[in-house]
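Rule-based calculations on the coordinates, nothing more; no lab input. Keep in mind that this is a model prediction, so the values were computed, not measured. As a convention, Cβ positions derive from the backbone with ideal geometry for all residues, glycine included, and neighbour counts pool all protein chains shown.
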Amino acid sequence: MTKQLVSFVKDLYQTNEFIPLHAPTFSGNEQKYVSETISSTFVSSVGKFVDDFETHIENYTGTAKAVATVNGTAALHAALYMAGVKANDIVITQALTFVATCNAVHHMGAQPAFVDVSPVSLGLCPKALSVFLEQHAVLTESGSIHKITKQRFQAVVPMHTFGHPVELDELIKVCADWKIAVVEDAAESLGSFYKDKHTGTLGNFGAISFNGNKIITTGGGGMVLCKTLASGQHTKHVTTTAKVPHPYEFFHDEAGFNYRMPNLNAALGCAQMENLVAFVDNKRHLASLYSDFFKESDFQFVTEPSYAKSNYWLNAIICPNHNEREKLLKQTNAEGVMTRPIWQLMHRLPMFENAMRGDLSHSEFIESHLVNIPSSPVKSLGKL
Ligand SMILES: *Cc1c(COP(=O)(O)O)cnc(C)c1O
């Protein structure tokens, strides 16, 4: 299998050089727009590209207000703040995620609690969430609290793993029943739709990342998706030091963040947005080729849930067993085709090892069997 996979990938990308998991594609107006910011001297936090980039994201996702930030972790941090998370609260999320999800919770002074993922979406499982809450929470007038410690369950953070949307209707129903806010970690899922709605727009807030390895990049960057115009304006305010507008006085009405995205990065984002639809089409085509390739093998290609249209940010396979996985990782990387195991579960990291958690069987199975395979857009599969 490894040999065939290596030659399949090398043929696709038409190269014998190292093939990374995900590289950026700059084939549009990137240079032009970035040069414009330099010529204008507006490279920092004032300039038209930030507003234009936010408008691009609003139009594409349908969110009421998008607020650009310095990176995806900052977007999550600001979204949790806006969702009312306070020190000592519990925030429920997946153990199967990138560490940024939990770092954002930690830096609010809150504690992450881990619930299992669904084998259908690889993201937070509504049933497991419901079981966990039945076991640990009691509903009060003002929200849900822990039966014993009395800590507030203030937010649930589902993550759309590799771009595949979680079962949002069911999840949002559970959270509404327990009066808990939903903050979608949509860092990986720009271009992914749940039914007909863009991921990150169904919960109270959503967070997107434009890190260098994501479907589009601004070098570093992020975006908070806000469900209402009012919450969007407040998010913009707190991410820009919470300064009250005045011609010369400095007055800040709450402890804000300095998280705004520089115009230089937003210029890159505007150019990348012009190609997003092409990137998604290209990556979905690539996924269908991988799906055919693995059809007759013992390796199961991970496909989008039936209710969703995924951006297939990172393609993934489930190996038949742990040994086969180790063999595949070693041999492909030795041949210059990058593959990577999924993240270690969050409760295995020293800072989260004492976190509260439910049964994590599906997460553990995926952790020991899943491998990501090269997923950059492929030039020969259409105009980029
Ligand atoms: C990329 C990513 C983030 C945010 O990353 P930044 O590098 O801070 O932009 C958050 N959560 C997940 C799941 C991610 O993959």
Pairs of alpha-carbon atoms within less than 8 angstrom and 6+ residues apart define the contacts here; what relative contact order does the stretch 179-293 have, in percent? 19
Rounded to a whole number, the Stokes-Einstein D of the stretch 261-332 in µm²/s (Kirkwood radius over Cα pairs; 10 °C; 1.306 mPa s) is 108
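Report the Stokes-Einstein translational diffusion coefficient (µm² s⁻¹, integer) for the stretch 190-265, Rh taken as the Kirkwood radius over Cα pairs, at 25 °C with viscosity 0.890 mPa s. Could you put the intermediate results ahead of the total?
Numbers: Rh = 14.2 Å.
The diffusion coefficient I find is 173 µm²/s.
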When DSSP assigns beta bridges and you keep just the ones with both residues in the chain, what percent turn out antiparallel, to the nearest 5? 65
One quarter of the convex hull surface, Cα atoms only: what value does that give for the stretch 30-273 in nm²? 13.3
Sorted on mean Cβ neighbours within 10 Å (highest first), peptides 189-197, 96-104 come out as 96-104, 189-197
Straight-line reach from LYS327: which lysines have a Cα under 30 Å away, not including same-chain ones fewer than 8 places off? LYS3, LYS10, LYS214, LYS283, LYS295, LYS379
Please compute the modelled spin-label separation between GLU326 and LYS173, points set 7 Å along Cα→Cβ, answer in nm with one decimal. 4.4
Pseudo-spin-label distance TYR307 to SER368, built 7 Å along Cα→Cβ, given in nm, is 3.0
FRET efficiency for ASP298 and VAL131, Cβ-Cβ distance as r, R0 = 41 Å, nearest 0.05? 0.80
For TYR60 paired with GLN4, estimate the spin-label separation in nm (one decimal), with each label point 7 Å from Cα along the Cα-to-Cβ line. 3.6
Looking at the stretch 230-327, which GluC sites (Glu not before Pro) are DSSP coil and have at most 16 other C-beta atoms within 10 Å of their C-beta? GLU249, GLU254, GLU274, GLU296
If the cut-off is a Cα-Cα distance under 15 Å, which aspartates and glutamates reach LYS127, setting aside same-chain residues fewer than 8 apart in sequence? ASP116, GLU167, ASP169, GLU170, ASP177, ASP359
For the stretch 139-204, take the convex hull of the Cα atoms, compute a quarter of its surface area, and give me that in nm², please. 4.7
Let me see the pair-distance distribution of the stretch 225-384: every alpha carbon pair, 5 Å bin width, integer percents in order. 1, 7, 10, 12, 12, 12, 13, 12, 8, 6, 3, 2, 1, 0
Partner aspartates and glutamates whose C-alpha sits under 12 Å from that of LYS243, ignoring same-chain residues fewer than 8 away, are ASP253, GLU254
Among 225-237, 28-40, 162-174, how do they line up by average Cβ neighbours within 10 Å per residue, starting with the highest? 162-174, 225-237, 28-40
Work out the FRET efficiency for HIS107 and ASP11 from their Cβ-Cβ distance, taking R0 = 51 Å, and round it to the nearest 0.05. 0.70
